[in-house]
1. I need the full set of residues from the stretch 195-213 which are within 14 Å of the ligand (Cβ to nearest atom) and of a type outside the set (Val, Ile, Thr), in order please.
2. Does the stretch 235-243 include one or more residues that are closer than 30 Å to Thr118 by Cβ, modelled with pLDDT of 95 or more and crowded, with 18+ Cβ neighbours inside 10 Å?
3. Just need a number here: residues in the stretch 111-129 that are within 24 Å of Lys163 (Cβ to Cβ) and more than 10 Å from the ligand (Cβ to nearest atom).
4. Of everything in the stretch 98-110, what is under 20 Å from Phe269 (Cβ atoms) and either small (Gly, Ala, Ser) or more than 10 Å from the ligand (Cβ to nearest atom) (or both)? Give them in sequence order.
5. Quickly run through the stretch 278-320 and pick out the residues that are surrounded by fewer than 19 Cβ atoms within 10 Å (Cβ to Cβ) and more than 12 Å from Tyr124 (Cβ to Cβ).
6. Give Val103, Val171, Val82, Val141 a once-over and let me know the one that is among the β-branched types (Val, Ile, Thr), in contact with a helix residue (DSSP H, G or I) (Cβ under 9 Å, 6 or more places away or on another chain) and surrounded by fewer than 22 Cβ atoms within 10 Å (Cβ to Cβ).
7. Can you find a residue that is among the small types (Gly, Ala, Ser), out of contact with any Leu (no Cβ under 7 Å at 6 or more places or on another chain) and surrounded by fewer than 17 Cβ atoms within 10 Å (Cβ to Cβ) anywhere in the stretch 265-272?
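The values are calculated or read from the model by the stated rules, or taken from the named source; none is laboratory data. Computed from a predicted structure; not experimentally measured. A quick note on method: Cβ atoms are made from the backbone with ideal geometry, for glycine too, and the neighbour counts reach across all protein chains shown.
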Amino acid sequence: IELVLGTRVMSADVRRKTLLTATGETISYKILIIATGARALKLEEFGVGSQDAENVCYLRDLADANRLVNVMQSCTGENAVVIGGGYIGMECAASLVINKINVTMVFPEAHCMARLFTPKIASYYEEYYKSKGVKFIKGTVLSSFDFDSKGKVTAVNLRDGSKLPADIVVVGIGIRPNTSLFEGQLTIEKGGIKVNGRLQASNSFVYAVGDVASFPVKLFGETRRLEHVDSARKSAKLAVAAIMEQEKTGEFDYLPFFYSRVFTLSWQFYGEPVGEVVHFGDYSGNMFGAYWVNKGHLVGSFLEGGTKEEYDAIANATRLKPVIKDLAKLETQGLGFAMTVSQKPPSGSHPEVSSSALVLEKPVYGLQATVGVILAASIAAFAYWYGRRRRRW
Ligand code: NAD
């Protein structure tokens, strides 16, 4: 593998199998893998100018993360406004408040994590966040910023007329897949590059993986574009196998998986949050969950505060898609249902049901951060070294 850094592809010609770089070089390929990911949506796209203020932070890449940490470090005891109540909003709000910054979250929906959480699940997390001092302003969006003479944001103005003082603003309002190089050349569906079960795009010499790919989720018989690291890793692995070991590689059979860890909380979700919802467990304690039942089958499972075995059980149960006839009984059985169902031998042949490799015990966090920093430093050092010696073609 030759790694070519510092090079932007300006256009692609999938018919000729070539890429044109910003410096005018042409790269020919036999097979192309599109792993362009997605970009953070900017407030400007909603008509709100931030004038590139240094204290307005996004979180998509390492540079964003470094900037966010720098601004956070200068804001102890001051005010943060978090725009968006999704993954970035919830995870950053927790980090900000842990770092002794006063946090107000603003988002347009009636509750946080609206893409996944039910009102009951959201209420648990919102109450927990409130107990940590986080304030919520829901059902509105920001309309403009106030700036000081140095161009720093000093306040956020909301559409409902209120003004929030702000020393740091964190924006997490979703992403857009980076498909533009291929629009008009490859089929686009659900905002992503449409691929088949072997991650192959509408031109068979092109593959797409991760956030930018819309692939068939076998379990549901439908195409989905999933925004998650687990899907990115596994789709990449399958695409490479499909290219390198064509005969040995079957179709991608992915069980959608999402997780998040904030404060001492930790949840996992498998499947799809569609259909009727059955909540179970102790919503006033620290272990609870929910099942989604669609057209008489279990299609989604959520669990907060589980053990590795329990998370494995909800994953297995969701993959098995058992028939559910009695929602009241399912509610009574609660987690026990998944534990029982998952004991049965799986009918499918998918080897990746287990989530065990991804369940990290809490004390590992510090280690993870350290490993992350070492890894980032190593990549930067390698990039520098490689940039100096890199061969042109
Ligand atoms: P998201 O889609 O999870 O949430 C977007 C949020 O912004 C929603 O609450 C939405 O209502 C709100 N919003 C949209 N427009 C708004 C506006 N004009 N004003 C205020 N709020 C607005 O996206 P995200 O939180 O930005 O995350 C970005 C990506 O990163 C996603 O793909 C996400 O899946 C991924 N991510 C995942 C994890 C995880 O899996 N644990 C963690 C971090 C990020």
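1. Within the stretch 195-213, the subset within 14 Å of the ligand (Cβ to nearest atom) is 210-213.
Correct list: Gly210, Asp211, Ala213.
2. If we filter the stretch 235-243 for residues that are closer than 30 Å to Thr118 by Cβ, which is where we start, we get 235.
If we keep only those that are modelled with pLDDT of 95 or more too, we end up with 235.
Pick out the ones that are also crowded, with 18+ Cβ neighbours inside 10 Å and you get 235.
Yes, the conditions are met somewhere in the stretch 235-243.
3. Total satisfying the criteria: 2.
4. Taking the stretch 98-110 as the starting set, the residues that turn out to be under 20 Å from Phe269 (Cβ atoms) are 107, 109-110.
Selection gives Ala110 alone.
5. Scanning the stretch 278-320 gives Asn294, Lys295, Gly296, His297, Thr307, Lys308, Glu309.
6. Of Val103, Val171, Val82, Val141, the one residue that is among the β-branched types (Val, Ile, Thr), in contact with a helix residue (DSSP H, G or I) (Cβ under 9 Å, 6 or more places away or on another chain) and surrounded by fewer than 22 Cβ atoms within 10 Å (Cβ to Cβ) is Val141.
7. No: the stretch 265-272 contains no residue that is among the small types (Gly, Ala, Ser), out of contact with any Leu (no Cβ under 7 Å at 6 or more places or on another chain) and surrounded by fewer than 17 Cβ atoms within 10 Å (Cβ to Cβ).
Results for (1) touching a helix residue (DSSP H, G or I) at 6+ places or on another chain (Cβ under 8 Å); (2) not hydroxyl-bearing (Ser, Thr, Tyr), shown as yes or no for each residue.
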{"residue": "Glu189", "(1), (2)": "no, yes"}
{"residue": "Ile193", "(1), (2)": "yes, yes"}
{"residue": "Val209", "(1), (2)": "yes, yes"}
{"residue": "Val212", "(1), (2)": "no, yes"}
{"residue": "Gly221", "(1), (2)": "no, yes"}
{"residue": "Val229", "(1), (2)": "no, yes"}
{"residue": "Ser235", "(1), (2)": "yes, no"}
{"residue": "Ala239", "(1), (2)": "no, yes"}
